[in-house]
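*Asks:* Let me give you the structure first, and then I'll get to my questions.
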Amino acid sequence: MNRLWLFLHLLGFAMWLGGGLASMFAGIASKSETRSGLGAVVRAQSAIQRMIIAPGALITVLSGLMLTFALAGMAGANLWLMVMQGAGLVAGLLTLFVALPTATRLSRLDPSGEQAAYFDELRKRQKVVGMIWGALGLLALVGGALVR
């Protein structure tokens, strides 16, 4: 059963960070877009968030919890395991409870109308939260690589 949880953990992690990279590069490529073109980019990023990133984060966090429960009876805590668990849990919570609602809200706004200021504010929030959970995700990856 642990192999299934480990497979799901790695699959979810690949979906989560892979989707994050795709969304990040779409944002970088959109710097030359017009305001109306930004709406299409943000809607695509929101779709990536809803269909790839959020399910990947949820699968990763849940499978990580199951793997942690399986390790509960073993003696000795590994520092890198705790780094992976802590960074991954915080990144997952940020992704699910801050980035996902922000992306959904952003996709409903008109970037060039009277909502332009709010659109820009949410876009900045999305960038900051994305950088934070991305860095924590990479820290979790390093921690996981150093566990073994």
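*Asks:* Name the residues in region 1-60 that are surrounded by fewer than 18 Cβ atoms within 10 Å (Cβ to Cβ) and of a type in the set (S, T, N, Q), would you?
*Replies:* 2, 30, 32, 34, 36 - these are the residues of region 1-60 that are surrounded by fewer than 18 Cβ atoms within 10 Å (Cβ to Cβ) and of a type in the set (S, T, N, Q).
*Asks:* Next question, about the same structure. Can residue 100 be described as out of contact with any Gly (no Cβ under 8 Å at 6 or more places or on another chain) and under 18 Å from residue 21 (Cβ atoms)?
*Replies:* yes
*Asks:* Shifting gears a bit: Just one of 6, 58, 65 is in a helix (DSSP H, G or I) and modelled with pLDDT of 95 or more; which is it?
*Replies:* 58 is the lone residue from the list that is in a helix (DSSP H, G or I) and modelled with pLDDT of 95 or more.
*Asks:* A further question on this structure: Go over the candidates 52, 28 one by one and state the one that is in a helix (DSSP H, G or I), in contact with a Gly (Cβ under 8 Å, 6 or more places away or on another chain), more than 19 Å from residue 143 (Cβ to Cβ) and hydrophobic (A, V, I, L, M, F, W, C).
*Replies:* 52
*Asks:* Restricting region 88-147 to residues that are hydroxyl-bearing (Ser, Thr, Tyr) and surrounded by fewer than 16 Cβ atoms within 10 Å (Cβ to Cβ), which is nearest to residue 50 (Cα to Cα)?
*Replies:* Among those that are hydroxyl-bearing (Ser, Thr, Tyr) and surrounded by fewer than 16 Cβ atoms within 10 Å (Cβ to Cβ), it is 104.
The values are calculated or read from the model by the stated rules, or taken from the named source; none is laboratory data. Worth saying up front: this structure is predicted, and the values here are computed from it rather than measured. All Cβ positions, even for glycine, are placed from backbone atoms using ideal geometry, and neighbour counts span all protein chains on display.
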